[in-house]
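The values are calculated or read from the model by the stated rules, or taken from the named source; none is laboratory data. Here the structure is a predicted model, which is why all the values come from computation and not from measurement. Please note: Cβ atoms are built from the backbone with ideal geometry, for glycine as well, and neighbour counts cover all protein chains shown. Side chains are part of the model used for accessible areas, which takes the heavy atoms of the whole protein and leaves out ligands, DNA and RNA. Shrake-Rupley method; radii C 1.70, N 1.55, O 1.52, S 1.80 Å.
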Amino acid sequence: MDLKSYLVERKKLIDKEIVKYLPPFPEFGFRLYEAVKYSLIVGGKRLRPILCLAGCEAVGGNYRNAVTPACAIEMIHTYSLIHDDLPAMDNDTLRRGHPTVWYKFDEVTAILAGDALLNRAFEVLSEWDFDCKVKIEVMKEISKASGMLGMVLGQQCDMDAEGRSDVSLEELLFIHRHKTGRLITASVVAGGITGLGNGEEIEALRKYGDGIGLAFQIIDDVLDVVGDQEKLGKNVGSDAEKGKVTFVTFYGVDGAKKKAREEVEKAVEALSVFPADKVEPLVEIAKFIVEREY
């Protein structure tokens, strides 16, 4: 398959649909609305929502049924980036090739925009016109991945580890399996649940998500060392500036790339329970993750 065309097509779908989930423009407080809309339309690969659509297809579902959870996931991911960029966290001024939300607007607006996106995501999911039991399972999957059992916990652990030289590999794996990996896993699993996948299929998608989620973070660490800032659309070299222990710290650049490839191989192997044609997009996305330059 032509992965580039596939990603472009699915990204266009998400770009078109996600703005439809914004509420009407308010009479007052329009700065919040502007910040939220800005954060959603300034780019991004839309990897997580695309994984959601592909997970739905993998189990034989219609990917269009998964558009609502896919957009909700992207809202949650975007909120996490807004907060991650704040001066109190990573203090970044560039994201997706554009000024970060706090830098363009102000810190207060950025905090509130992130809060608004997180809550809007669950409003959208609650209003989703779909089977109630399936909807609850999808919401549970996404909320666990994004909250105190997932992304938020990982972010706290990441902040706790900043500037420390005694961070173990075990601790680093814990941080990134939660901070980055859990939402990636939830994306593909939520798609599988939406497509009415059985227990074996959901478990396979979960293993796949865990593998590519870790690989994604490992390559992120590599790109922070050797990446092109213009291609990445964000500041590079920030990990070293903040004294962060990364996968490059433990493995070196080449060793980290090797570790990422190993994780992707395990992820792809987990998909063997599916017909090959159903999971071709997921296989190609896994390969893209370790080969990407942005």
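Spin-label point model (7 Å from Cα, Cβ direction): what's the Glu34 to Leu94 distance in nm?
Going by the 7 Å Cα→Cβ label model, 2.4 nm.
Based on DSSP H assignment, which helices of the chain show an axial Cα extent of at least 27 Å together with a mean Kyte-Doolittle hydropathy greater than or equal to 0.5?
Values: long enough: 107-126 (29 Å, 0.89); 199-226 (40 Å, 0.33); 247-270 (28 Å, -0.45).
For the chain, where a helix must reach 27 Å along its axis and average at least 0.5, the hits are 107-126.
How much accessible area per residue does the chain have, in Å², with a 1.4 Å probe?
46 Å²
When the helices in the chain are scored as -39500 (n - 2.57) per DSSP H run of 4 or longer and the sum is shared across all residues, what 222 nm value do you end up with, to the nearest 500 deg cm²/dmol?
Details: 15 runs with 201 residues, N = 294.
One gets -22000 deg cm²/dmol as the mean residue ellipticity at 222 nm.
Under a point spin-label approximation (7 Å from Cα along Cα-to-Cβ), what is the Glu170-Asn119 distance to one decimal in nm?
Roughly 4.0 nm, to one decimal.
Which entry in (i) 118; (ii) 134; (iii) 201 matches volume of the Cα convex hull per residue in Å³ derived from the coordinates of this structure?
(i)
Can you give me the long-range amide H partners of Arg95? Hydrogens built in the peptide plane at 1.01 Å from N, cutoff under 5 Å, separation of 5 or more residues or another chain.
The answer is Thr100.
Connecting C-alpha atoms closer than 10 Å in a GNM of the chain, tell me which of Arg164, Arg261, Arg206 has the biggest fluctuation.
Arg164
Given a 10 angstrom Cα cut-off, can you work out which residue in Gly191, Gly55, Gly237 is the most mobile in a GNM of the chain?
Of the options given, Gly237 has the highest mean-square fluctuation.
For segment 144-217 and segment 3-60, what is the separation of their C-alpha centers, rounded to whole Å?
Segment 144-217 and segment 3-60 have Cα centres spaced 21 Å from each other.
If a/c stays under 1.5 just call it rounded; otherwise compare a/b with b/c (prolate if a/b is bigger, oblate if not). Do that for segment 48-192, with a ≥ b ≥ c from the square roots of the Cα gyration tensor eigenvalues.
Note, shape of segment 48-192 comes out oblate.
Which of Ile50, Ile111, Ile76 ends up with the largest GNM mean-square fluctuation for the chain, with Cα atoms connected below 10 Å?
Ile111
State to the nearest 20 debye the size of the charge dipole of the chain about its Cα centre, where the only charges are +1 on K and R beta carbons and -1 on D and E beta carbons. Provide the component values of the computation, followed by the final result.
On the way: 38 positive and 48 negative charges, 108 e Å.
Dipole size: approximately 520 debye.
With a 1.4 Å probe and every protein chain kept in, tell me what percent of the accessible surface of segment 78-221 is carbon plus sulfur.
54 percent
I'd like the trypsin sites (Lys or Arg not before Pro) in segment 38-95 restricted to DSSP loop residues with at most 15 other Cβ atoms within 10 Å, sorted by number.
On the way: sites: Lys45, Arg46, Arg64, Arg95; in loops: Lys45, Arg46.
Hits after loop and neighbour filter: Lys45.
Quick one: pull the percent of accessible area on segment 1-50 belonging to carbon and sulfur, 1.4 Å probe, ligands and nucleic acids left out.
Carbon and sulfur: 61 percent of the exposed surface of segment 1-50.
Using R₀ = 22 Å, calculate the FRET efficiency as 1/(1 + (r/R₀)^6) where r is the Cβ-Cβ separation of Lys242 and Val108; round to 0.05.
Details: r = 24 Å, r/R0 = 1.07.
Rounded to the nearest 0.05, the efficiency is 0.40.
Between Glu203 and Lys278, what is the label-to-label distance in nm when each label sits 7 Å out along the Cα-to-Cβ direction?
1.6 nm
Which of rounded, prolate or oblate describes segment 107-244 when judged by the alpha-carbon gyration tensor and an a/c cut-off of 1.5?
Verdict is prolate for segment 107-244.
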